[in-house]
Every structure is written in structure tokens, then in C-alpha cells.
Amino acid sequence: MFELIGIPPQAFFGQLLIGLINGAFYAMLSLGLAVIFGLLNIINFAHGALYMMGAFVAWFLLQYFGLGYWPALILSPIIVGAFGAVIERTLLRRLYHLDHLYGLLLTFGLALMIQGVFRYYFGSSGQPYTIPPLLQGGVHLGFMVLPIYRGWVVAVSLLVCLATWFIIERTRLGATLRAATENRALTQAFGINVPRMITLTYAFGVGLAAFSGVLAAPIFQVSPLMGADLIIIIFAVVVIGGMGSIMGSILTGFALGVVEGLTKVFYPEASNTVIFVVMAIVLLIKPAGLFGRAHA
Amino acid sequence: MTAIRIAGKAPVGLTAPRSQVIAFLVMVAAFLIAPLFIYPIFLAKMLCFALFACAFNLLIGYAGLLSFGHAAFFGMAAYAVGHSAKVWGWPPELAILFGVAVAAVLGLGFGILAIRRQGIYFAMVTLALAQMVYFFCLQAPFTHGEDGIQAIPRGHLFGFFNLRDTETLYFVVLAIFLIGFLIIYRAIHSPFGQVLRAIRENEPRTISLGYKPDHYKLMAFVLSAALSGLAGGTKAIVFEIATLTDVHWGTSGEVVLMTLLGGLGTVFGPVVGAFVVIGLQNYLAQIGAWVQVVQGLIFVVCVLTFRRGIVGELGRILKLKL
């Protein structure tokens with residue numbers, strides 16, 4: 001079949017896999033943005049910068065403390081999440097009574113600052129980060145060779161996304177969170193500490209970005225600008241999916257990664273822009289986004 | 001309203017307050033004598049960015065629309081001017097008009113898509129569309145990729161004014177800036193501007209009064225894009241170069257910063273903001289990457305404590321509308 005259209009299966013499935021990996025990052029990052037936006041009404045422009053920070057924290061841990069990939073996978077989200085909690089407590093908290101646009105501007109400023117500091121110390125070139133020994137090598141699947149690490153990234157990010165969905169949609173904690181999203185004052189009247197919940201939600205979303213950063217470190221190089229262009233793609237993903245639904249964010253993220261991967265196979269020139277084209281089409285057909293609510 | 005009409009004056013907001021007229025005259029006088037003290041090309045750069053920021057402010061300050069993709073209009077116009085002046089050999093006035101037209105058409109496309117969403121989504125859509133333009137410019141052959149279009153000929157304006165002379169160039173740029181500034185000024189103080197403000201304040205009510213907000217938003221967007229194109233195209237003539245930096249999201253961020261720092265929704269704020277930011281960039285150029293950190297810091301400080309901006313605060317202290 002593949003010979004018929006002149007594309008070798010190895011190339012086809014290779015791009016499909018890269019698409020799935022990119023989709024995994026899109027899903028995790030847009031999920032974090034959606035969770036944060038739901039409760040804080042802020043679009044976190046610093047998400048890409050914090051994703052980059054997650055990768056850098058992993059690199060620091062290895063370089064200066066000899067802590068490898070596995071501890072970094074836990075520690076980096078905690079460290080960056082704590083940093084996020086500080087940002088929320090000291091800066092974002094002052095903006096809740098203002099127009100949403102100020103939140104976007106403030107986090108854009110934060111992104112510039114974080115990226116600027118890392119660029120000052122590390123330039124624009126990347127730092128290598130090796131794949132942990134356990135996940136090195138590949139498996140021959142018959143039609144293609146699957147590098148174990150790439151399979152791991154897809155699997156673990158899918159797991160994390162589904163776990164997030166489960167927590168928010170199916171547990172008591174998630175129910176409280178959804179209640180606070182619907183009506184903050186009323187939830188607070190029921191004796192729930194909403195400000196603390198907001199801080200923890202921001203920390204969680206940011207931690208998720210850092211987790212993605214650690215997963216990305218061995219695939220892409222750890223570089224100060226790794227999140228800068230990514231965040232714009234994530235915005236397009238969020239516009240396409242709409243931020244109303246957790247599962248919607250996950251599905252949109254993975255689907256767009258695959259679409260991008262397939263575009264690389266069939267029409268490589270458009271692979272950079274295909275997501276934006278999809279966004280334009282969705283805006284024309286269903287302006288609220290595929291999973292969005294009309295009033296959002 | 002009726003009382004004002006009986007007194008024989010136009011409705012509030014349609015005529016320029018006297019404070020703005022005086023400020024305008026002071027600004028023009030300052031620009032006329034500035035080349036005696038400051039390098040004209042540097043001043044011309046400031047004027048281009050001031051016009052860019054004023055065009056951007058028309059959207060955010062009066063229609064309440066935050067576009068994060070204005071670099072697309074600025075940069076594409078620069079490329080259009082560069083290509084038409086260098087490859088097709090067009091005179092500067094035609095090249096700049098061509099740049100404005102390209103930016104306006106692009107703005108129409110952006111606008112039709114972006115006004116379908118509001119608020120925060122509007123910002124994300126414009127940013128994403130501008131990124132698409134950036135990738136297009138990265139790949140398209142006429143932009144020459146990383147090199148950009150270099151050595152764009154300045155030529156003779158109307159076949160008469162030699163733009164290779166820096167003094168002449170400066171005054172031509174000043175004239176272009178003033179034309180753009182007055183177009184925006186006129187738009188703000190017209191019934192059109194009043195409707196834009198009404199949409200910003202209360203869109204459902206504007207609809208109930210029989211206006212079609214989408215038409216007004218689209219018109220404002222195209223006007224803003226076209227004037228951003230005028231700024232970008234003029235910049236290409238001044239620096240004789242059009243590069244990827246002009247279409248990059250960093251430029252979109254800079255114009256937001258200029259307007260925010262100067263004062264959103266003030267007439268003169270974007271001009272002041274552009275001068276401060278460009279001056280700062282020039283001053284901080286030696287410390288490289290820290291420019292970005294400083295710009296980020298200004299964003300944070302402005303949003304937290306200085307939301308009126310320089311001119312907005314000045315106007316509040318002096319109790320004047322600037």
C-alpha cells in the first residue's frame with residue numbers, strides 16, 4: 001500500500017511516531033493551560049518558559065547534584081511547581097479583579113524575563129541530556145524500529161493526561177475544583193479554601209509543564225528558547241480545542257501532533273504551518289473551538 | 001447631550017480637547033528641532049515605531065482588542081517595500097503604498113478570522129496567525145530567509161527628494177508619521193471612534209442600538225494593520241533592510257510594551273512609549289540578553305502598578321486628557 005503512493009513504511013511510521021510525541025507535549029501543555037485558565041482566568045504565557053525551566057532543572061540536577069533522569073522526573077516538576085506557586089502568590093493574585101488581558105501581558109513579561117536570564121547564561125545553543133540506560137535502544141516491531149524512549153514518552157504522557165482527567169472529572173477533589181471554577185464565591189462559602197486551591201492549581205499546571213520539559217530533554221536539546229515557539233503552537237491548539245473540556249484538550253493535542261506528523265510525510269513544506277491552517281479552518285466553521293462552549 | 005447642543009457645541013468626544021491640540025503642537029515642534037541634537041536616522045527609527053505603536057493602540061486602546069500579531073503587518077510591509085523597490089525598481093512612494101496595501105489585505109484576512117473570538121482568544125488567534133506568516137517568510141524565496149532583503153534602494157521620493165540625504169529622509173519620515181498620526185487622531189475623534197469605544201464598553205448594548213460590532217471591529221483592524229504597514233514599510237526604506245526580526249513575535253511583543261508603557265488608550269502615550277523603549281534598547285544594547293529581561297520586567301511592573309502608563313499618569317496628575 002505504501003509503495004503505491006511512494007512512501008516507505010519506515011518513514012511513514014517514523015513521522016507518525018514523531019507526530020504522536022509532539023502531540024503528547026501539545027496535550028500536556030494545553031491541558032495545563034486549560035486547568036489554569038479554568039480557575040485563574042489567566043492565560044499563562046509563561047507556560048513555554050516554565051516547560052524550558054523544567055528541562056533545565058533536570059539538567060542542573062544531573063550536572064551539579066549527580067541526580068539522573070528518574071529523580072529529575074519527580075523533583076523538577078516539584079521545584080518548578082513551587083516557583084509557580086510563588087509567582088501566583090506574589091504576582092498573579094493581584095490581577096484577578098482586572099481584565100484577563102493583563103494576566104496575559106504579565107505572564108508574557110515573565111516569559112521574557114525567564115528566557116532572557118537563561119539565554120544570558122547559556123546562549124541560544126542547546127545542552128545535551130542523555131537517555132537513561134533503562135530506556136535506551138529500540139524494539140523491532142516488524143514494520144519499523146521503535147526507539148524505546150520515544151514509546152515511553154507517548155505512554156507516560158498519555159497516562160499523565162488520563163490521570164489528570166480522572167482526578168478532575170471523577171474525584172471529590174476534582175469536584176471541588178470544578179465547583180470553584182463555576183462559582184468561586186459560593187464554593188468559598190462552603191468552607192473551602194479557594195485561594196489555596198488556586199495556588200495549588202497554578203503550581204500543578206506549571207508542574208505539568210516542567211514534567212513535559214524533563215520528558216523532552218533527551219529528545220530535543222535543553223535550550224533557553226525551546227519553549228518560545230512551542231507556546232504559540234499550544235495557543236493554536238487551545239483555540240482549536242477550546243478550553244471547556246479536559247478530554248477535549250487531550251484529544252486535540254494528540255490529534256494535531258499526528259496531523260503535523262502526517263503533513264511532514266505528504267507535504268513537508270506545510271508542516272510548520274499546518275496547525276495554524278487547521279486553526280483558521282476551525283475558526284471559520286466552529287468559532288468556539290471543537291470542544292468549546294459558545295460563551296467562552 | 002441636549003444642553004450641549006443648545007449651547008452650539010459638538011457632542012463630547014468628537015472635537016479634540018485643547019490640551020491635545022497644544023500637546024500636538026509641542027510634539028511637532030520637538031520633532032522639528034530634534035535632528036539638531038540627535039542622529040536623524042535614530043530619530044527616524046523612533047518615528048517608525050511610534051507610528052507602529054499608535055496604530056496598535058487604535059485597536060487595544062479604543063476597540064479593546066489586544067492583537068499579539070502586529071509584527072506580521074509591520075514585517076510583511078517591510079518585505080513588500082524591499083522587494084518592490086529593489087527587485088522591481090519601484091520609486092519609494094509607490095513601494096510604500098504597495099507595502100500598505102499588502103498589510104491591509106493581510107489585516108483583512110487576520111481580522112475576518114480573529115474577530116470571531118473575543119478577549120483572550122483574540123490575542124491567541126492573532127499571535128498564531130502571525131506565527132504562520134513568520135514561517136511563510138522563513139521559507140518563501142523572496143524574503144531571502146535569514147539574510148533578509150538587504151541594500152534596499154532609498155531612491156528619490158516623487159523623483160525629487162533624494163532620500164539618501166539623511167536630513168531629507170528624516171523630514172520625509174516625519175511627514176509620513178504625522179499623516180499616520182492624524183489619520184488615527186481623526187478616527188478616534190469621529191463617530192466611528194465613538195462606536196468603537198461603545199463596543200469596548202458594552203458590546204450587547206451597542207448591538208441593541210443597531211450597530212454591527214463586527215463591521216466596526218474589522219474596519220478598525222484593517223486600518224490598524226494598514227498603518228502598521230506604513231510604519232514597517234517606512235522602516236524598510238530608512239534602514240534599507242527587511243528581515244525576519246520584523247515579522248517575529250518579539251516585534252509584536254515590543255509594540256505591546258511600547259503602548260502599555262506609554263499609556264493604553266491615550267493619544268500620545270504610544271509615541272512616548274516607543275521613544276522610551278527604543279531609547280532603552282539602544283542604551284542597553286551592550287548588555288545583550290539582559291534587554292529581554294529588562295523588557296519583561298517593565299511588562300510586569302507596568303501591569304502590577306503602572307497600568308495607566310507614562311502619559312496616562314501624567315494626564316491624571318495634570319487633570320488633562322492627553
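Values quoted throughout were computed directly from the atomic coordinates according to the rules given, and no laboratory measurement underlies them. Everything numeric here is computed off the predicted structure, so don't read it as measured data. With ideal geometry, Cβ positions are generated from the backbone for all residues, glycine too; neighbour counts draw on all protein chains shown.
Full extension of the segment from residue B:317 to residue B:29, taken as 0.36 nm per residue of separation minus the current Cα-Cα distance, would add 101.3 nm. Here the average projected area of the convex hull drawn through the C-alpha atoms of the stretch A:148-296 stands at 10.6 nm².
Applying both filters, DSSP loop and at most 14 other Cβ atoms within 10 Å, to the trypsin sites (Lys or Arg not before Pro) of the stretch B:227-322 gives B:319, B:321. Per residue, the Cα convex hull of the protein assembly as shown amounts to 178 Å³.
Working note: Debye formula, equal point scatterers on the alpha-carbon atoms of the stretch A:180-223, no solvent; log10 I(q)/I(0) at q = 0.14, 0.21, 0.26, 0.31 Å⁻¹ is -0.49, -0.69, -0.86, -0.99. The angle separating the long axis of helix A:172-182 from the principal Cα axis of greatest extent in chain A is about 70 degrees. Distance between the C-alpha centres of the stretch B:178-213 and the stretch A:1-75: 43 Å, rounded to the whole angstrom. Only Cα pairs under 8 Å and 6+ residues apart enter the sum, and on that basis the relative contact order of chain A stands at 38 percent. Along the stretch A:117-129 the Karplus relation, 6.51 cos²θ - 1.76 cosθ + 1.60 evaluated at θ = phi - 60°, assigns HN-Hα couplings of 4, 5, 5, 4, 8, 10, x, 9, 7, x, 9, x, 9 Hz to successive residues, with x for each Gly and Pro.
Stokes-Einstein diffusion for the stretch A:30-169 at 20 °C, viscosity 1.002 mPa s, with a Kirkwood radius from C-alpha pairs, works out to 123 µm²/s. A simple rule links phi to the HN-Hα coupling: the Karplus curve 6.51 cos²θ - 1.76 cosθ + 1.60 with θ = phi - 60°, which for the stretch B:257-267 gives 4, 4, 5, 5, 5, x, x, 4, x, 9, 6 Hz, with x for Gly and Pro. Legend: P(r) of the stretch B:50-155 from all alpha carbon pair distances, 5 Å bins from 0, whole percents, reading 2, 12, 20, 23, 18, 13, 8, 4, 1.
Calculate the tail of P(r) for the stretch B:195-322: the fraction of all Cα-Cα distances greater than 23 Å, expressed in %. Tail fraction, whole percent: 47. Our Cα-only numbers for the stretch A:25-258 put the radius of gyration and Dmax at 17.8, 60 Å.
Loop-located trypsin sites (Lys or Arg not before Pro) in the stretch B:105-187 (DSSP state other than H, G, I, E, B) with a sparse environment of at most 14 neighbouring Cβ atoms within 10 Å: B:164. In plain terms, the C-alpha convex hull of the stretch B:133-186 casts an average shadow of 5.8 nm² when viewed from every direction. In the protein assembly as shown, the calculated helix contribution to ellipticity at 222 nm averages -23000 deg cm²/dmol per residue, counting -39,500 (n - 2.57) for every DSSP H run with n ≥ 4. What chymotrypsin sites (Phe, Trp or Tyr not before Pro) in the stretch A:189-249 are in a loop by DSSP, with at most 16 other Cβ atoms within 10 Å of the Cβ? Answer by residue number: A:190, A:220. Taking the Cα centre of the stretch B:82-182 as origin and assigning +1 to Lys and Arg Cβ atoms and -1 to Asp and Glu Cβ atoms, the resulting dipole is close to 320 debye. Dipole size of chain A about its Cα centre, with +1 on Lys/Arg Cβ and -1 on Asp/Glu Cβ: approximately 700 debye, rounded to the nearest 20. From the Kirkwood radius over Cα pairs of the stretch A:233-287, Stokes-Einstein at 10 °C and 1.306 mPa s returns a whole-number translational diffusion coefficient of 140 µm²/s. In straight-distance terms, cross-link reach from residue B:45 covers every one of the aspartates and glutamates whose alpha-carbon lies under 15 Å from its own, apart from those fewer than eight places away in the same chain; here that gives B:167, B:240, B:246, B:254. Normalising by residue count, the stretch B:245-320 has a Cα convex hull of 91 Å³ per residue. Think of each Lys and Arg Cβ as +1 and each Asp and Glu Cβ as -1; about the Cα centre, that makes the dipole of the protein assembly as shown roughly 1880 debye.
Count the net charge of all other residues whose Cβ sits under 11 Å from the Cβ of residue B:242, scoring Lys and Arg as +1 and Asp and Glu as -1.
Summing Lys and Arg as +1 and Asp and Glu as -1 gives -1.
Put simply, the Cα atoms of the stretch B:88-202 extend 50, 39, 19 Å along their principal axes, the longest span coming first. With semi-axes defined as the square roots of five times the eigenvalues of the C-alpha gyration tensor, the equivalent ellipsoid of the stretch B:38-248 measures 31, 20, 13 Å, largest first. Exposed loop sites, defined as chymotrypsin sites (Phe, Trp or Tyr not before Pro) outside DSSP H, G, I, E and B with at most 11 other Cβ atoms within 10 Å, are absent from the longest region of chain B, namely B:161-322.
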